[in-house]
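A.B. asks: This is the structure I want to talk about, given as structure tokens.
The values are calculated or read from the model by the stated rules, or taken from the named source; none is laboratory data. In this text, all values refer to a predicted model and were calculated from it rather than measured experimentally. Reconstructed Cβ throughout: ideal geometry from the backbone, glycine too, with neighbour counts over all protein chains shown. What goes into the accessible areas is simple: the full protein's heavy atoms, side chains included, and nothing from ligands, DNA or RNA. Shrake-Rupley method; radii C 1.70, N 1.55, O 1.52, S 1.80 Å.
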Amino acid sequence: MSDTPAGAGESGAAETGSEAAAGAGGPDADAATEGVDELRHEVDELRKQLADAKAAGASAEAGATPTGKRRLRSVAAVILIVLGSVLAPIAGITVFVRNQVLNTDRYVSNIAPLSKNPAIASVMATQVTNQLFSHFNVQSEIASVLPPKADFIAAPLSNAIKSQTYNIADKVISSNQFNQVWVAMNRQVHTALVSVLTGNGPSALKANQNGTVSLDLHALAQNVITQLDSRGITVFDKLPISKINLQIVLLQSRGLVKAQQATKLLNHLALFLPFLAIACYAGAVAVSTRRRRALMWCGIGLAVSMAVLAIILGLARSFLISASAGHALTPEASAALFDTLLRYLRTGLRVLFGIGVLVALGAWLAGPSRPVVALRRAVVRAYRWVEQGVRNRGWDFGPVGQWVAANKGVVQGVLVGLAVLVLVWWGNPGILGTLVVLLVTGFLVVVVRTLAVKPRLPGGASTGPGAGPGGAGPTTPTGPAAPTGGTGAGATA
């Protein structure tokens, strides 16, 4: 009888076959080695599936009638996933609104393209032209200077002047000079608005907690003193300007107090809601009895919530376009206005949708279903084929390959970290940018693993720290193989 387990015998036989094949050298040895590698991988997969099946069977036997605690954990996980999926779009909208209301740079970058949009520029030029001609009767003015018999040309001349006015206004609005004025004007107005809503900032407009808006004239007074100094009048140099009350009260409104409180609440929610949504998803995975499946449903929930938000925005866009018919804002201008002002929000929800899909797909690919196992096995075989090709051709990458082989894990970690930093610092990579970063990172990881492959020498050995003199590695007797028992190499009777 043998005291050695059957599994050990199979492993020993595989190792003996591998060593014998390596010692033999040549194409047959390479084919045998490749076959042994595939056999080992399949055995490992089968053992893993058997262990999962045993664990699932034991869990089913132990919990044939689920206990209250397990049911409670499952219900809690579902509630947290639903709550996180509801909070995710709300958090995205809140962060977007907060950035537009309180971040002047974000606001200016958002509205800057409006003046260059042809549909918006046409509306603005039309409004300017109509306002000019509504306050000044050009046709009557022309008719007053014409002879009575020639007053019939007053109307055509007026229309020609109106058309020329529109063309000039459209050209001015579409110019780079107007865009610079547009950006500077909006920046100044938004800075003053932020100063009023928060009570802080460098703007001359100040607002306190009582809803009082005042104009601070300290900067103006200091400028006047500087101008007087340049003319030799220095009598005001010793005057403590900062201690003088140089504020003019412009208005006092209780509505402003409510607006300031709403702004403060918006600022807090924009910081709190994203972390709360993430905490809900993390809590769902933590309390779930099936964490991989919970993670997959978290990704699905995030993707679905972003899809619902995209549908709502699409419906709002259609409603705005249809409601603008017959008004000064044309449907084309309404569409351009909506697409421009909400483009950062729509880009953000696309990125979050992609993240949700990737998380759900990754959790699904880590599962035990047959298609997933077959896909993983195909990927491993493809990589082993590349690895075997590099090894058989004897490609030696020299000191670089040796260093990469010794630090393969560190290099791969650095590549993944760089990919994360690129996505973070990019700002708005979009789905295409995120996919490009992921593909490039995956390609570089494959390159690193390829560089780390040790080439096979003609004698059948691989280069590396364990190689013998001359790189040939340890030799294996080529004589007849020792007889082995039925349970594999090393078995005892």
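A.B. asks: On the given criteria, is VAL108 within 28 Å of THR347 (Cα to Cα), in a helix (DSSP H, G or I) and in contact (Cβ under 8 Å) with a residue 24 or more places away in the chain?
C.D. replies: Yes.
A.B. asks: For region 391-401, how many residues are free of Cβ contacts under 8 Å to residues at least 40 places away in the same chain and open to solvent by 80 Å² or more (accessible area, probe 1.4 Å)?
C.D. replies: Total meeting the criteria: 1.
A.B. asks: Which of the numbered conditions does ALA310 fail, given that it passes all the others? Conditions: (1) open to solvent by 20 Å² or more (accessible area, probe 1.4 Å); (2) more than 19 Å from the chain's Cα centre (by Cα); (3) farther than 15 Å from GLY84 by Cβ.
C.D. replies: The one condition ALA310 does not meet is (2).
A.B. asks: Starting from region 341-365, take each residue that is under 21 Å from VAL82 (Cβ atoms) and list its partners that are surrounded by fewer than 17 Cβ atoms within 10 Å (Cβ to Cβ) and at pLDDT 85 or above, counting only C-beta distances under 7 angstrom and pairs at least six apart or across chains.
C.D. replies: Correct list of pairs: LEU349/ALA310; PHE353/ALA307; ALA363/ARG292.
A.B. asks: Ok, one more. Please identify the pairs in which a residue from region 170-183 that is in contact (Cβ under 8 Å) with a residue 12 or more places away in the chain has its Cβ atom under 7 Å from the Cβ atom of a residue that is open to solvent by 100 Å² or more (accessible area, probe 1.4 Å) and not acidic (Asp, Glu), counting only partners at least 6 apart or on another chain.
C.D. replies: SER174/LYS116; ASN179/LYS116
A.B. asks: Going by the conditions given, is GLY470 among the small types (Gly, Ala, Ser), modelled with pLDDT under 70, in a loop (DSSP other than H, G, I, E, B) and out of contact with any Leu (no Cβ under 7 Å at 6 or more places or on another chain)?
C.D. replies: Considered against the rule, which asks whether it is among the small types (Gly, Ala, Ser), modelled with pLDDT under 70, in a loop (DSSP other than H, G, I, E, B) and out of contact with any Leu (no Cβ under 7 Å at 6 or more places or on another chain), GLY470 comes out as no.
A.B. asks: Which of the residues belonging to region 91-118 are open to solvent by 40 Å² or more (accessible area, probe 1.4 Å) and either charged (D, E, K, R) or within 17 Å of the chain's Cα centre (by Cα) (or both)?
C.D. replies: Scanning region 91-118 gives ILE93, VAL95, ARG98, ASP105, ARG106, LYS116.
A.B. asks: Looking at GLN222, GLN227, which is the one that is modelled with pLDDT of 65 or more, farther than 17 Å from SER195 by Cβ and surrounded by 12 or more Cβ atoms within 10 Å (Cβ to Cβ)?
C.D. replies: The unique qualifying residue is GLN222.
A.B. asks: Oh, and also: Could you please find all residues in region 142-151 being farther than 13 Å from LYS162 by Cβ and in a helix (DSSP H, G or I)?
C.D. replies: Going through region 142-151, the residues farther than 13 Å from LYS162 by Cβ turn out to be 143-151.
Within region 142-151, ALA143, SER144, VAL145, PRO148, LYS149, ALA150, ASP151 meet the criteria.
A.B. asks: While we're here: SER122 is checked against (1) buried (at least 18 other Cβ atoms within 10 Å of the Cβ); (2) within 25 Å of the chain's Cα centre (by Cα); (3) polar (S, T, N, Q) and fails just one. What number does that condition carry?
C.D. replies: (2)
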